[in-house]
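Here is the structure we will look at, set down as C-alpha cells.
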Amino acid sequence: MLIKNKRGDKILSLYWFAILIIIAGGIFAMVYVYYGFPYDVRDIENRLLINAVADCVSYTGRINQEIISSGEFYQNASLDKCNLIFTSPEWEEEQYYVKVDFYRINDLNNSLRTLTKGNLNWAPQCEIQKEKESKNLVQCSTKAFYSLDDKDNQYIIKILGIVRKSEKNVRT
Amino acid sequence: MIKKRGKKGTILVENVIFIILNVIFLMILILFIYRQGNGAVVLEQSYAKNIALLIDAGKPIMEMKLNMEDAMALAEKNGVNREEIVKITGNLVTVKLSEKGGYSYSFFKNVDVTTYPDVPTEKNYVIKINGYK
C-alpha cells in the first residue's frame, strides 16, 4: 500500500509540473506575441497630418490667400508651402498622401479645386478598405470643415490623409 | 506506527519543495514579463514614436520636456551616454538605449529640431523646435 501511494504522489507531482510547464509556455508565448507587435501610431499620425494641412489651407476660419482670392483659385496654388516633408531616409518611397478638396457650401458633389501632395499610389488602398479594413494596408482618414474666403464666400473643405508606414506599425 | 511517522515526514518535505519550486517558477515568470515590458527594444520604439508625434504636433519655438527617467536609467546601465539617447537626423528620430540597438521613426513636419537632456532634473529630455527649414 505504501509503495502504491508513493508512486501515486510522484505521478501527481509530474502531472502538476506538466501543467506548470504548459502554463509557463502559454504565458511566454502570449508575452512574446504581445511585445513582438509594434505600436500602431498611424491613426494619431494621420490626424496630426490632417490638422497640419487644415492649418495650412485655412487659418482662423479664413482660407489661405495664396490659394484663393476674391473667389478665384490660383492656378499655381499647392501644398508645397505647408512645411511638410514626406521623404525620409528610412523609406524608399513617400509614405504619405494628402488630398484637399474645396466645395461650395451648396454643392458638395463637385469639387472646385483639388490640391494634393505625396504618393498617389496609396490612394486606391483606401477604396479597398471601404469594404473591409486591413491593417496591413494604408491608414486613411477624412476630415471636413467650413471656411470662408476674403469675400466671405462659404466653402466646405474636405481633407483626405493617408499614412502607410505598415512595416513600422504592423507585424507583416 | 513507525511507517506512519516516516510517511508524514516525506509528505511534508515533498510539499515544502513543491511550494518553493512553485514560488521560484512564479518569480521567474513575473521577472520575465517585467523585463519584456521594460526592455530596450520596447522602450526605444515607444520613445522614438512618441517624440516623432510630439514634433508633428508641435509648432516653431515650442520647447517640450519628455520624462524619460526609465529610458535614461536603462541607457546608463547599458553604457550609452545621456546625450546620445535621442538623435535627430533630418526628419528622422533615433532612440538608442543599448550599444547595438536603436530605433528610428520619421516625422512629416519640415522643422529644425534640437534635443538634449535636461540638466537640472536629470530625468527629462528637451525637444526644441527651432523653426521651419
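Read the figures in this text as sums done on the coordinates, not as results from a lab. Computed from a prediction, not measured in an experiment: that's the story for all the values here. Positions of Cβ are backbone-derived with ideal geometry, glycine not excepted, and every protein chain shown enters the neighbour counts.
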Practice item. Could you tell me which of the residues B:Lys49, B:Lys59, B:Lys100, B:Lys87 is basic (Lys, Arg) and assigned to a strand (DSSP E or B)? Key: B:Lys87
Review point. Are any of the residues in region A:103-126 touching a helix residue (DSSP H, G or I) at 6+ places or on another chain (Cβ under 6 Å) and within 30 Å of A:Ser69 (Cα to Cα)?
Key: no
Study note, to complete from the structure: In region B:100-120, anything away from every other protein chain (no Cβ under 14 Å) and over 14 Å from the mean Cα position of the chain (by Cα) is listed as B:Lys100, B:Thr114, B:Thr115, B:Tyr116, B:Pro117, B:Asp118, B:Val119, B:Pro120
Review point. If you go through region A:82-89 one residue at a time, do you hit one that is within 13 Å of another protein chain (Cβ to nearest Cβ), part of a helix (DSSP H, G or I) and surrounded by 19 or more Cβ atoms within 10 Å (Cβ to Cβ)?
Key: yes
**Study point:** Matching entry among A:Ile27, A:Ile50 (being part of a helix (DSSP H, G or I) and without any contact (Cβ under 8 Å) to a residue 60 or more places away in the chain)
**Key:** A:Ile27
Check your understanding: Does region B:63-78 contain at least one residue that is in a loop (DSSP other than H, G, I, E, B) and surrounded by 13 or more Cβ atoms within 10 Å (Cβ to Cβ)?
Key -> yes
Practice item. Report yes if B:Val93 is touching a helix residue (DSSP H, G or I) at 6+ places or on another chain (Cβ under 8 Å), buried (at least 17 other Cβ atoms within 10 Å of the Cβ), within 14 Å of chain A (Cβ to nearest Cβ) and of a type in the set (Val, Ile, Thr), otherwise no. Key: yes
Study note, to complete from the structure: Within region B:33-51, the residues that are at the interface with chain A (Cβ under 8 Å from one of its Cβ atoms) and either of a type in the set (Gly, Ala, Ser) or over 23 Å from A:Phe37 (Cα atoms) (or both) are B:Gly37, B:Gly39, B:Ser46
Exercise for review: Restrict the check to region B:30-46 and report whether at least one residue is closer than 30 Å to A:Val31 by Cα, part of a helix (DSSP H, G or I), among the acidic types (Asp, Glu) and in contact with a strand residue (DSSP E or B) (Cβ under 6 Å, 6 or more places away or on another chain).
Suggested key: yes
